[in-house]
Amino acid sequence: MKIIRHQTPAGPAYATLQPDGSAREITGDLFGSFRATDKVVKPGKILAPIAPPNILAIGLNYRKHAEEGGKGVPERPMLFIKSTNSLQNPGDPIELPRKLASQEVDYECELAVVIGKTCKNATRANALDFVLGYTAANDVSARDWQMRLNGGQFCEGKSFDTFCPMGPVLVTKDEIPNPNSLAIKTILNGHAMQDWNTSDMVFDVPALIEFLSGSKTLLPGTVILTGTPHGVGYARKPPVFLNPGDTVTIEIEGIGSLTNPVVEERV
Ligand code: MG
């Protein structure tokens, strides 16, 4: 099932996206019991598919990306947090920060795991039982703030407004039996910049859920960004950073395409 979240006069609502492009109403609680009905709805503005209580992100989780950064493969999953203000809708702009300025804003295609029910101390064997589904995300990163201007903590450079585009659809896990065998790509202005496969993850999706839930409760709706493959802008020679007028598309096999324009923040 492909699920979208869209704006209605009564607030955000969920619907299924049908193969013919039509949408049908979902009733109930996506994180409790819900029902996909036959009632056709005309979607309003398409929103990020969930409004997560937490966005947990993993660094250096693809082998070739860990190599290109010169940091080596980590012993354990390397966690940082993207604050929820960074969430952005499909089609809405990534804003290049100009008040707290960055000249090094970069893209990262990521498979996003959406947790469906409260999860603590999961095992590798039952980890996927806690997953509702998957979506696409762009872990947009101000490299100067991530690496040099904030004491080495990633959170600042990863948490600017609009730095976490997500969607457009949430694909339920029954359609993706193995999340670690998906083609994943970033296309910048029509050129493929990252083009790899989620099979290269150092810690696969069950391992990430087991690790993260071993110390913290994963609330329903929590999003786990699972890391990005090689080909990021800062590691290229010469480096490539986002500029006003650019268009960034994240494509993941079985999920779809997430496209956002790039603009300057208005200050
Ligand atoms: Mg990332």
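Within segment 162-172, one or more residues are touching a residue at least 60 places away in the same chain (Cβ under 8 Å) and within 23 Å of Pro74 (Cβ to Cβ). Looking only at segment 199-240, residues that are under 16 Å from Gly69 (Cβ atoms), surrounded by 21 or more Cβ atoms within 10 Å (Cβ to Cβ) and not hydrophobic (A, V, I, L, M, F, W, C) come to 5 in all. When segment 250-262 is limited to residues that are in contact with a Leu (Cβ under 7 Å, 6 or more places away or on another chain) and of a type outside the set (Asp, Glu), the one that is surrounded by the most Cβ atoms within 10 Å (Cβ to Cβ) turns out to be Ile250. Taken over segment 81-102, the criterion of being hydrophobic (A, V, I, L, M, F, W, C) and either under 11 Å from Gly227 (Cβ atoms) or buried (at least 19 other Cβ atoms within 10 Å of the Cβ) (or both) is satisfied by Leu87, Ile94, Leu96.
Under the condition of being over 12 Å from the mean Cα position of the chain (by Cα) and within 15 Å of the ligand (Cβ to nearest atom), the residues counted in segment 217-241 number 7. If you check Ala57, Ala66 for being of a type in the set (A, V, I, L, M), in the same structural domain as Leu188 (by TED's automatic domain parsing) and modelled with pLDDT under 95, only one passes: Ala66.
The selection criterion, being outside any strand (DSSP E or B), out of contact with any strand residue (DSSP E or B) (no Cβ under 6 Å at 6 or more places or on another chain), within 16 Å of the ligand (Cβ to nearest atom) and not hydrophobic (A, V, I, L, M, F, W, C), does not hold for Gln103. Going by the structure shown, is Pro49 surrounded by 14 or more Cβ atoms within 10 Å (Cβ to Cβ) and more than 16 Å from the ligand (Cβ to nearest atom)? Spelling it out, Pro49 is indeed surrounded by 14 or more Cβ atoms within 10 Å (Cβ to Cβ) and more than 16 Å from the ligand (Cβ to nearest atom). For segment 86-100, filtering for residues that are polar (S, T, N, Q) and either within 15 Å of the ligand (Cβ to nearest atom) or under 15 Å from Ser159 (Cβ atoms) (or both) leaves 2. Has segment 117-125 got any residue that is surrounded by 20 or more Cβ atoms within 10 Å (Cβ to Cβ), of a type outside the set (Phe, Trp, Tyr) and under 25 Å from Glu251 (Cα atoms)? No, because not a single residue in segment 117-125 is surrounded by 20 or more Cβ atoms within 10 Å (Cβ to Cβ), of a type outside the set (Phe, Trp, Tyr) and under 25 Å from Glu251 (Cα atoms).
The values are calculated or read from the model by the stated rules, or taken from the named source; none is laboratory data. The structure displayed is predicted, hence computed values, not measured ones. In this analysis, Cβ positions are derived from the backbone assuming ideal geometry, glycine residues included, and neighbour counts consider all displayed protein chains.
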